[in-house]
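Reviewing the structure listed below.
The values are calculated or read from the model by the stated rules, or taken from the named source; none is laboratory data. All values reported here derive from a predicted model rather than from experimental measurement. Every residue, glycine as well, gets a Cβ built from its backbone with ideal geometry; the counts of neighbours run over all protein chains shown. To get the accessible areas, we keep the full protein, side chains included, count just its heavy atoms, and leave off ligands, DNA and RNA. Shrake-Rupley method; radii C 1.70, N 1.55, O 1.52, S 1.80 Å.
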Amino acid sequence: MVFSKRKMKQFLAFGVTIVLVICLYKSWGSPTNGVSHYAYDDGDSSAIGGEDNAAIDQEHRRAGPSPERLVLSVADRRGQKQQPNDDAAAGQAEPLDDVELALAQSKPQRPPLRKGAFVAGSAQKRHQVPSLNDLGPDDLDRESRLNELHEAKRQILKLERKIQELEGRIPRKYPDVTFLNYKNRKRILITGGAGFVGSHLVDYLMMQGHEVIVADNFFTGRKRNVEHWLGHENFELIHHDIVNPLFIEVDEIYHLASPASPPHYMYNPVKTIKTNTLGTINVLGLAKRVGAKVLIASTSEVYGDPDVHPQPETYWGHVNPIGPRACYDEGKRVSETLSYAYAKQEKVNVRVARIFNTYGPRMHMNDGRVVSNFIIQALQNQSITIYGSGRQTRSFQYVSDLVDGLVSLMASNYTQPVNLGNPVERTIQDFAEIIRDLVGCKSKIIELPAVEDDPQRRKPDISRAKKYINWEPRVPLQEGLMKTIDYFRKELARSNHSQRNIFVPETTEFRSLL
């Protein structure tokens, strides 16, 4: 009985102790009016001390304070001692402007931790992601403008792609070509067809209704010389160096592949020789395999600095085999030799045209030739430069006359070399003065040192062309020069790639009227 009374006293003391501990916990553990330090806010700062928070606090009180929470509470109290005026500072903060509010609303809301709360890595995140208050109005405005700019660019690119897609559905318009049936239509290969002379020959043959295949390595040729035919059912462009064999089925071949101006063919002499030897062998071999007719474009340079004037086809020439022009002069002479060797041994049907000085639209602006140099210098009001005394002579033909001669020679049965040039001889000084007057400038004409192995006189004897192919030049010098000057004037006026300078080919009917 005594033992039981003692036991009852112990139980009563233990109960009183529990009551006192609970009372002390209520008064010591809730310094913020009973709000728990460990509960997450529900996103509404005005709800502090409300019913929801009170319920959370009651749950935490039932569970009792864990060691982790006690430690965090102590850390929070230390932070409060270091920053005693947090509430005051928060009360003095400036309100957010409209831009900040819009940006804040656009960002996903996260429930912030209440005072004293701690999440692993949160301090690190606060360093990585700047708060809204750290951004000034200028930064927010700049960011908004950048976003608008990116969106505008995206919309523009989308519209451009749509326009390109729609333009691709529209059939391209080409010059109206003559229709030829399968009996009269020929498949014609033009090596160097993207060059100055080759592109005009392409225009002529396309207008006649033939199927034209151009092979060019674009050393001096340009794609835009023939771009107005790209996509046409009768036209095909092949990026190919004729030094390498070409396997194709054709009826006729115009072999024009070779740089023709001194700066171009002297830039790579070995390549020039290969084009005129290996390239000619490949062309003649192709003609042998498929039974095609071949026209070899030779040059008046085979006569060198001539001792005979004017130069007939029977003249063997006066050429320096080791001079700076030899790569072109001797290359063309070997090309002629190969042609007649194939004709004799392999029965290849060949034609050889010895082309004299030619000018016209699509000339390369920096090819170093007389006409292009003089026109460019006159249009830019620069001094017109003459190499030598200016008394050396040349005979210039317009490019359409040359094309007529090439086509006539190919269609003929004559197999010996034929001169194609203008028999009207003029001095270089005269050409400079004529071009200066046509342009209407006041450029001075100055003389520079003469070029090595530069021919002093050049005039073709075209008796053979008149007799066997019924050809002679028809375009007057001033008319051809005006067309060429107009082309170069437009070329110099271009400031971007979209400004096209396409020389539209003349129709067959218009050329026949001329």
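Here are a few things to note about the model shown:
- Accessible area in the full protein assembly, largest first, 1.4 Å probe, for 178, 393: 178, 393
- Ranking by accessible area, most exposed first, for 383, 300 with a 1.4 Å probe: 383, 300
- Most to least packed among 257-263, 313-319 [average Cβ atoms within 10 Å]: 257-263, 313-319
- The largest accessible area among 266, 410 belongs to the first residue in 266, 410, and the rest follow in falling order (1.4 Å probe, all chains).
- With both labels modelled 7 Å from their Cα along Cα-to-Cβ, the residue 239 to residue 172 distance reads 1.6 nm.
- For peptides 181-188, 228-235, sequence by mean Cβ density within 10 Å, most packed first: 228-235, 181-188
- Cα-based shape type of segment 238-356, given that a ≥ b ≥ c are square roots of the gyration tensor eigenvalues and the cut on a/c is 1.5: oblate
- Near residue 463: Cβ cut-off under 14 Å, other residues only, Lys/Arg at +1 and Asp/Glu at -1. The net charge is +2.
- Mean accessible surface per residue for segment 144-272, computed with a 1.4 Å probe while every protein chain stays in place, in Å²: 57 Å²
- Surface composition of segment 204-351: carbon plus sulfur atoms contribute 54% of the solvent-accessible area (1.4 Å probe, protein chains only, all chains present).
- Once the Cβ-Cβ distance of residue 183 and residue 478 is raised to the sixth power relative to R0 = 25 Å, the FRET efficiency obtained is 0.05.
- The residues of segment 378-449 expose on average 41 square angstrom of accessible surface per residue, using a 1.4 Å probe on protein heavy atoms.
- Using θ = phi - 60° and Karplus 6.51 cos²θ - 1.76 cosθ + 1.60, couplings along segment 303-314 (whole Hz; Gly, Pro as x): 7, x, 8, x, 8, 10, 9, x, 8, x, 5, 7
- Our coupling estimate for segment 357-370, obtained by passing each phi through the Karplus curve with A = 6.51, B = -1.76, C = 1.60 and θ = phi - 60°, is 3, 10, 9, x, x, 6, 4, 5, 5, 10, 7, x, 7, 4 Hz, Gly and Pro reported as x.
- Segment 437-445 - phi-based ³J(HN,Hα) in whole Hz, Karplus 6.51/-1.76/1.60, Gly and Pro as x: 5, 5, 6, x, 9, 10, 5, 7, 9
- Per atom type, segment 434-506 shows carbon and sulfur on 49% of its accessible surface, probed at 1.4 Å.
- Taking all protein chains as they are arranged and a probe of 1.4 Å, the heavy atoms of residue 497 leave approximately 140 Å² accessible to solvent.
- Given +1 at the Cβ of Lys and Arg, -1 at the Cβ of Asp and Glu and no other charges, the dipole of segment 248-402 around its Cα centre is 180 debye to the nearest 20.
- Only protein heavy atoms count here; on that basis, with a 1.4 Å probe, residue 219 has an accessible area of about 100 Å².
- Amide H within-cut-off set for residue 237, under 5 Å, with H built and near neighbours excluded: 214
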